[in-house]
Amino acid sequence: TAKMDFEWSFDPVPDAVALAAPGPIGPNPYTVAPLCGVVEAGEAAEIVVRFAPEEMEDFPRTLRCAIPNLDSGYKAPEVGLRGKVLRPWCHFEIPESDYISAGRRNPELPGPGGSLVPLDPATRVLEFESLGTKVVNTKRFLILNPTNISYEFIWEQEAQEIGELPRTPAFRCSSRRGVIMGGKRYEMAFEYSPDSDDITESFWRFRIPAQSISVPFLLVGHVIEPRVSVSRANVNFQKVLIGARARETFYLHNQESVPFHFVFNRASYHTGDYAERHPVVHFEPDSGDLNPGQQLAVTLTFCPPAEKVFNFNVTCTVRKKPTQLALNVKGEGYAIHHQLQLETAFGKPVELDPAAPNDIQFGQVQVSESGVRNVTLLNMGNINYDYVWNVGASPHVSVVPETGSVAKGGRTVCKLVYNPRVPEFLDNYRVQCQIVNAARYTMVCSGQGHQPQVNFSFLNYNFGPSFLWKLGMEKQEVVLVITNEDRMDVSYELLFKDTPWLEVDAPPTVLTPGDQAHVPIRFTPREMMSYEETLQFEVNGVTIVNVKVAGSGAKMRIEVANPTQTHVSLAHIRIGQEASKSVKVVNRSIIPVTFSLEKAAAALRMVGIQIAPSGMMHLRSMETFAIQMAFSSEHRLQPFTEELVIDIAGVKHVLFTVSGACLGTELKLATDNMGFGPVVLGTQTVRHLVLSNTGDVGTRFTWHPQPLAPHFDVSPKEGFVAPNAEAKFDVVFKPKFLNNDIRIERVRCAVEGGVDQYLTLTGACVNVEAEGQLLQFRTTVRESLSKTVQVTNPSEDACSVAPVYDNDAWSGPDTVSLAGLATAEYEVTFSPKSMTTEEAPHTGSIFFPFPDGSAKLFQLEGVAEPPRAAGDISQEGASKMEHVVPLKIDNWLNVPQRFKVLIEPTNEYDKEATIVKGPEYIDVPGKSAREFKLHIFAYREGTYSVKVTFMNEGTGEFLFYNVDFAAGAPCSLETIPLTCPVRQRVQHSINIVNPLTRDVVLRPSCDHSQIFLPETVEMKATSNTPKWRSTSRSLWRGRPATRRARSPPSTASTPSSPPTPSISTTWTAYGGWATWC
């Protein structure tokens, strides 16, 4: 159960042998293997003993095995050995070979004479190893003659085939014949020089003729491949630009102890038309010697001369190496297919020339404005390329982006921008675009940085005395004319916020050369005082122009002289009767009044009242005049009450009211012209018509049927209409034959006792049109929608097709590549710039011309729906303060656009309590943006939502924003110091404006005992309050106190002297509260 160690030893003098053969003991001819070792439990070990004597004698020995820790009951193994030696005629001193015994020899190889029989067991094997071919390998060995007799020997080569002379050119014996002296050695030499790497066998015989001894020999030659190798099996250069050189390094390794010569075979990589005039592949060095153990670096250069794929199986011949080294070299030549296009002012692309300078004109660009030219980089190849712009040293010229990459089959738009900051001339300024590893485009830019020449019609204006403004009154207005006397567009913006007494309508505007802008300046004085203000205009975002405006306020009064004539009754008359009256009017204002009675006279004429005078009137202070009225009518008039309204300084003022009536009858058709449009033959359409009786008595009607035939019909054709009632008709259009213009003029409807009515009918009769192949789109305007169409190449040759569009609303890739007889999907993108309806959509087509003369056409139809909101804006702020919400307006066209601004509420709120306004128009230059300032003033807390629409009135296109404004608690409006001695009173008047169109009642309150306020304050619509007072009376000296009272917020500080207390009072009115401190 335990392992066993053992070790063998020889006893040279065994007892039995010593007695039988006394004498000296020679060297031990025995060897044992293994000499020592370990045998595991239950296992066995095989021991081999070999006998190799060197002398002619007997060799008795004892082989003993030493086993440590052997049980005393067992005896260690012992083996007796005895070897007997016979003296040979010759002894070959060559190593033993297992070429035959180990089965390494191929049994199918022929033996001597070409036979396949087993070889003679006495055959001695002499093996050669050659490091490569065509190398002379010499093997030498000794033959011992152990006898004392000399003899002659002969080496004979045996034939491979029966009857064939012996020949094996790979082997040669250098000592074919000789004499070996007794007791001497003789050196034999064989040479092996292989021509191939196959195993070579040669059969020989060693003969001693005198002794009739023949020993067969087998000479075996093995060729060992020299350990010369290449570091990599292949080199792939991928894509390399035509004419460019790509280099890779690999290594040749010689792991042998002898040098080798190598050479790369040019025939394996110099092929085609490029072999001599433009080698594609080059090795450096392409030949040389590899020293023993050397690792030689070889540089491989690939220079493609054409746009194609190259593949070379390069061979390298190593001298004396049977096989060649192989290296696969791959690479593809490519060219950059680039193109630059400049977009003109009309949006059309112009191709730029890389071989010559390209002229780019910016024209006049105003200082701080930007002139932009779009340059499109196209990649028509199948590999990406990079580009780099060089814009020179001028800080006013830039390109965005300056560097980048254009994907294969794609395009990149770069903006070339000229942005002068000072007046200057840009003359032949060079800008270059370098396509990496390709051409360089040179653009010569010219332009002028121009200071705008703008003329203001005045820089100072005084309105003089003007009536105090009331809501609805026409405002005193002067027009500031701003003229662009420059040769380029000029923009300006007013840096002024309207005040209660001064309004300026000056939205940001762009003026073309010679154009004028009329800026209304409106003066609305609120108090009898002098006013002065400075308006700042920013021109082109750089220059400031100041305009000073001044004026003063005055009160106005004009009314009837007799208060009992505020209502004048002209009674009820009959047709043909007349009534008249006179009313006296007086001007009680301190300044002259000019007003017009034209609108009042025109309004009263509508009800049969003639007044005199009826034109413009001018009244000095306290001057009077009489208005004469005459009432008569030839038609029925229902009872009416009309106001005589005069226009005083733009305000419609009611002097008095007039009432009257004239009895009669009246019938009216809802329309006198009805168009049916095109109707398909064999069908009909019906429309409805209403006849209204607004008179005092009923009447009958009758349609004349003859003019209606054969295409039209009316039902019912006759009937009765009661007073204040309606008769409804069905008008049928059923055409009988094709006609593009069917018209019946003035079909008569006879009215009994009244005025006959006439109706004109129009229509058209058409045929049904056949539908073709149609690709339909539907998307939001100024957004994109893509669909694909199947395009098939009808020919077997590959081609690249450039589609043609006849409507700019559609676009797609510039080209589509198709293999022979292949089908590809082509993406069509619908990007409408204008809205359409279902009835009038965008229409167009896309045309695919093929090289073989055939083509394919797709019909396109797209509906552009109204745009989505350009943004949803949410903002917060205090109430009773003006807030500005900036809105960015983008012009999507290349030309300037003027937008009309429409502001519509989207939630319910009191429009009188909130003012949302802005400029009525805004001008935006082409492909630019402007900021629109939306002004919001909320009188009370709450959330106000509006929709702000910017519409081009000429095209109907628009964009809009949804704006939500949350008005919070107001801030303190004013701090009012109230100072008085103790136990004395002090008063302060507060002026509050009621902006509403209805009367309101204020109920001020204060929780401080020393502040006295009126219980209520009545305010008329659109008026100022009478200046009501808060009174403070301090009964003791002390620190200021602060209190808040509910009413339109006001805060008062009331100290007694000394010290000086302060009080905060808050006033609550309609729409919230405000605070005065």
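The values are calculated or read from the model by the stated rules, or taken from the named source; none is laboratory data. Note that this is a predicted model, so its numbers are computed, not measured. Cβ atoms come from the backbone with ideal geometry, glycine included; neighbour counts cover every protein chain shown.
Values computed for the structure shown
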{"item": "Answer residue from the range 670-681, given it is surrounded by fewer than 18 Cβ atoms within 10 Å (Cβ to Cβ), under 30 Å from G695 (Cα atoms) and not hydroxyl-bearing (S, T, Y) and is modelled with the lowest pLDDT among those", "result": "G675"}
{"item": "Single residue of Q610, Q565 found to be in contact with a Lys or Arg (Cβ under 8 Å, 6 or more places away or on another chain), surrounded by 15 or more Cβ atoms within 10 Å (Cβ to Cβ) and over 30 Å from N455 (Cβ atoms)", "result": "Q565"}
{"item": "Entirely in the range 319-399, the strands (runs of 3 or more DSSP E) that have 1 or more residues that are of a type in the set (S, T, N, Q), touching a residue at least 60 places away in the same chain (Cβ under 8 Å) and in contact with a Phe, Trp or Tyr (Cβ under 9 Å, 6 or more places away or on another chain)", "result": "325-334, 358-366"}
{"item": "Cβ-Cβ under 6 Å pairs, at least 6 apart or on other chains, the range 231-243 side in the same structural domain as A306 (by TED's automatic domain parsing), far side basic (K, R)", "result": "N236/K330"}
{"item": "Test: residue in the range 890-902 that is of a type in the set (K, R), outside the structural domain of S928 (by TED's automatic domain parsing) and under 32 Å from the mean Cα position of the chain (by Cα)", "result": "no"}
{"item": "Pairs where the first residue, in the range 600-611, is outside the structural domain of S569 (by TED's automatic domain parsing) and the second is surrounded by fewer than 21 Cβ atoms within 10 Å (Cβ to Cβ) and not in a strand (DSSP E or B), C-beta under 7 Å, 6+ apart", "result": "none"}
{"item": "Which listed residue is of a type outside the set (D, E), at pLDDT 90 or above and either touching a strand residue (DSSP E or B) at 6+ places or on another chain (Cβ under 7 Å) or farther than 25 Å from D498 by Cβ (or both), from K927, K880, K917, K900", "result": "K900"}
{"item": "Test result for S370, surrounded by fewer than 20 Cβ atoms within 10 Å (Cβ to Cβ), hydroxyl-bearing (S, T, Y) and within 28 Å of the chain's Cα centre (by Cα)", "result": "yes"}
{"item": "Selected residue [surrounded by fewer than 14 Cβ atoms within 10 Å (Cβ to Cβ) and not assigned by TED's automatic domain parsing to the domain that holds D923] from P508, P520", "result": "P520"}
{"item": "Flag for Q536 being of a type outside the set (G, A, S), surrounded by fewer than 20 Cβ atoms within 10 Å (Cβ to Cβ) and either in the same structural domain as Y921 (by TED's automatic domain parsing) or out of contact with any Leu (no Cβ under 9 Å at 6 or more places or on another chain) (or both)", "result": "no"}
{"item": "Test set (1) at pLDDT below 85; (2) in contact with a Lys or Arg (Cβ under 6 Å, 6 or more places away or on another chain) - K84 fails condition number", "result": "(2)"}
{"item": "Residue satisfying all of: in the range 906-940; of a type in the set (F, W, Y) and within 21 Å of D489 (Cβ to Cβ); surrounded by the most Cβ atoms within 10 Å (Cβ to Cβ) among these", "result": "F932"}
{"item": "Failed item in (1) crowded, with 17+ Cβ neighbours inside 10 Å; (2) over 23 Å from V542 (Cα atoms), with V454 passing the rest", "result": "(2)"}
{"item": "So P305, is it closer than 30 Å to R440 by Cα, assigned to a loop (DSSP other than H, G, I, E, B) and at pLDDT below 90", "result": "yes"}
{"item": "Conditions (1) modelled with pLDDT under 90; (2) under 22 Å from K321 (Cα atoms); number of the one not met by Q160", "result": "(2)"}
{"item": "Qualifying residue in the range 765-772 (condition: at pLDDT 85 or above, surrounded by 14 or more Cβ atoms within 10 Å (Cβ to Cβ) and of a type outside the set (D, E, K, R))", "result": "no"}
{"item": "Unmet criterion (only one of (1) surrounded by 15 or more Cβ atoms within 10 Å (Cβ to Cβ); (2) under 29 Å from the mean Cα position of the chain (by Cα)) for T403", "result": "(1)"}
{"item": "Entirely in the range 216-269, the strands (runs of 3 or more DSSP E) that have 2 or more residues that are within 12 Å of K321 (Cβ to Cβ)", "result": "228-230, 246-254, 260-264"}
{"item": "Single condition T412 does not satisfy, out of (1) loosely packed, with under 14 Cβ neighbours inside 10 Å; (2) of a type outside the set (D, E); (3) within 30 Å of G333 (Cα to Cα)", "result": "(1)"}
{"item": "Hey, R232 more than 30 Å from S130 (Cα to Cα) and of a type in the set (K, R) or not", "result": "no"}
{"item": "Number of positions in the range 719-737 that are surrounded by 12 or more Cβ atoms within 10 Å (Cβ to Cβ) and either over 18 Å from A670 (Cα atoms) or modelled with pLDDT under 85 (or both)", "result": "5"}
{"item": "Among the residues listed as A603, A649, A661, A626, the single one being at pLDDT 90 or above and of a type in the set (G, A, S)", "result": "A626"}
{"item": "The listed residue being assigned by TED's automatic domain parsing to the domain that holds S596 and within 30 Å of T694 (Cβ to Cβ), out of V645, V651", "result": "V645"}
{"item": "Residue list for the range 59-74, filter: surrounded by 13 or more Cβ atoms within 10 Å (Cβ to Cβ) and either in a loop (DSSP other than H, G, I, E, B) or not hydroxyl-bearing (S, T, Y) (or both)", "result": "F59, P60, R61, L63, R64, C65, A66, I67, L70"}
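Residue-by-condition table, conditions (1) of a type in the set (S, T, Y); (2) part of a loop (DSSP other than H, G, I, E, B):
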site: E825; (1), (2): no, no
site: T836; (1), (2): yes, yes
site: S845; (1), (2): yes, no
site: P867; (1), (2): no, yes
site: V885; (1), (2): no, no
site: I903; (1), (2): no, no
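So that you can scan it fast, the table gives a plain yes or no per residue for (1) hydrophobic (A, V, I, L, M, F, W, C); (2) assigned to a strand (DSSP E or B); (3) surrounded by 14 or more Cβ atoms within 10 Å (Cβ to Cβ):
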{"residue": "T779", "(1), (2), (3)": "no, yes, yes"}
{"residue": "S817", "(1), (2), (3)": "no, yes, yes"}
{"residue": "T829", "(1), (2), (3)": "no, yes, yes"}
{"residue": "P832", "(1), (2), (3)": "no, no, yes"}
{"residue": "E839", "(1), (2), (3)": "no, no, no"}
{"residue": "F848", "(1), (2), (3)": "yes, yes, yes"}
{"residue": "V863", "(1), (2), (3)": "yes, yes, yes"}
{"residue": "S874", "(1), (2), (3)": "no, yes, no"}
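Each row is one residue, and each column tells you yes or no for (1) under 23 Å from G926 (Cβ atoms); (2) surrounded by fewer than 19 Cβ atoms within 10 Å (Cβ to Cβ); (3) touching a strand residue (DSSP E or B) at 6+ places or on another chain (Cβ under 9 Å); (4) not basic (K, R).
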residue	(1), (2), (3), (4)
G293	no, yes, yes, yes
V298	no, no, yes, yes
N313	no, yes, yes, yes
V329	no, no, yes, yes
A335	no, yes, yes, yes
E343	yes, yes, yes, yes
L352	yes, no, yes, yes
Q361	yes, yes, yes, yes
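Rundown of residues vs (1) aliphatic (A, V, I, L, M); (2) over 39 Å from the mean Cα position of the chain (by Cα); (3) at pLDDT 90 or above, yes/no style:
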site	(1), (2), (3)
V479	yes, yes, yes
T483	no, yes, yes
D489	no, no, no
V504	yes, yes, yes
